[in-house]
Amino acid sequence: MARHLIYVPVVHSEADMGSMASAVTRSLRLRPDQHRTRQEKIARFWERVRASLLAALDERLGGAGSLARVRIYQDGLPTSGELARRIARESAAKGSHNYSLVLELLDRGAALEQTESPDLLREEYSMLRRKSRNARRASELLELRDRFMADRINATLQEGETGVLFIGALHKVGERLASDIEVSMLVV
């Protein structure tokens, strides 16, 4: 039995951006009606992601209700265990469609894995807060984060398991995965 990873594209809502949300929203310079339309489109996107992912998992697992052989890897998640679950609950409570779906998968038996390096995330966050324009370092950080995520997946995804990687569009984690991991892109 091979290892399998479902690559799930992420569109971040304001709830996913935490304290950076207001700055990002301001930078978009949207009128209130444009902002509302954008939020509605993001909600519809996540409805399609949920339906597609649940169907893909159902097909992959042969209709088994339990997701005990599923591991979740979340863009931006620097921890695991109870702290990761708390982050998921708090983010879902703030309106994160992404984390609401993660909670649904956890409730069905999936495991939530540490995906990111805390140090790399702190450095990237610091650059964003300072509005640093060091494009080379930003590119290096993205590559280092991708390498870290791939290493985490390679080390934790076991034979016969399915991983679900919720990941932003700029990432290239798939290029760094072990050759025995079958990767499929979720079609939304």
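Annotations for the structure displayed:
- Members of region 101-133 that are among the charged types (D, E, K, R) and surrounded by 12 or more Cβ atoms within 10 Å (Cβ to Cβ): 104, 108, 113, 116, 123, 124
- Residues (surrounded by 14 or more Cβ atoms within 10 Å (Cβ to Cβ) and under 15 Å from residue 184 (Cα atoms)) located in region 56-70: 56, 57, 60, 61, 70
- Scan of region 32-55 for residues that are more than 17 Å from the chain's Cα centre (by Cα) and either surrounded by 12 or more Cβ atoms within 10 Å (Cβ to Cβ) or not basic (Lys, Arg) (or both), ordered by number: 32, 33, 34, 35, 37, 38, 39, 40, 55
- Within region 147-171, the set of residues being surrounded by 13 or more Cβ atoms within 10 Å (Cβ to Cβ) and of a type in the set (D, E, K, R) comprises 147, 151, 152, 161.
- When residues in region 142-166 are screened for being in a helix (DSSP H, G or I) and either closer than 20 Å to residue 11 by Cα or of a type in the set (D, E, K, R) (or both), 8 of them pass.
- Selection from region 130-158 of residues that are without any contact (Cβ under 8 Å) to a residue 12 or more places away in the chain and among the aliphatic types (A, V, I, L, M): 135, 155
- Being out of contact with any Cys (no Cβ under 9 Å at 6 or more places or on another chain), part of a loop (DSSP other than H, G, I, E, B), among the basic types (Lys, Arg) and at positive phi is a condition met by no residue of region 103-122.
Conditions tested, residue by residue: (1) β-branched (Val, Ile, Thr); (2) touching a His at 6+ places or on another chain (Cβ under 7 Å); (3) in a helix (DSSP H, G or I); (4) at pLDDT 90 or above.
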position	(1), (2), (3), (4)
15	no, no, yes, no
48	no, no, yes, yes
57	no, no, yes, yes
63	no, no, no, no
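- Filter result for residue 19 (of a type in the set (S, T, N, Q), assigned to a loop (DSSP other than H, G, I, E, B), over 15 Å from the mean Cα position of the chain (by Cα) and at pLDDT below 95): no
The values are calculated or read from the model by the stated rules, or taken from the named source; none is laboratory data. Because the structure is predicted, anything quoted here is derived from the model rather than measured. Here the Cβ is made from the backbone with ideal geometry for all residues, glycine too, and neighbour counts use every protein chain on show.
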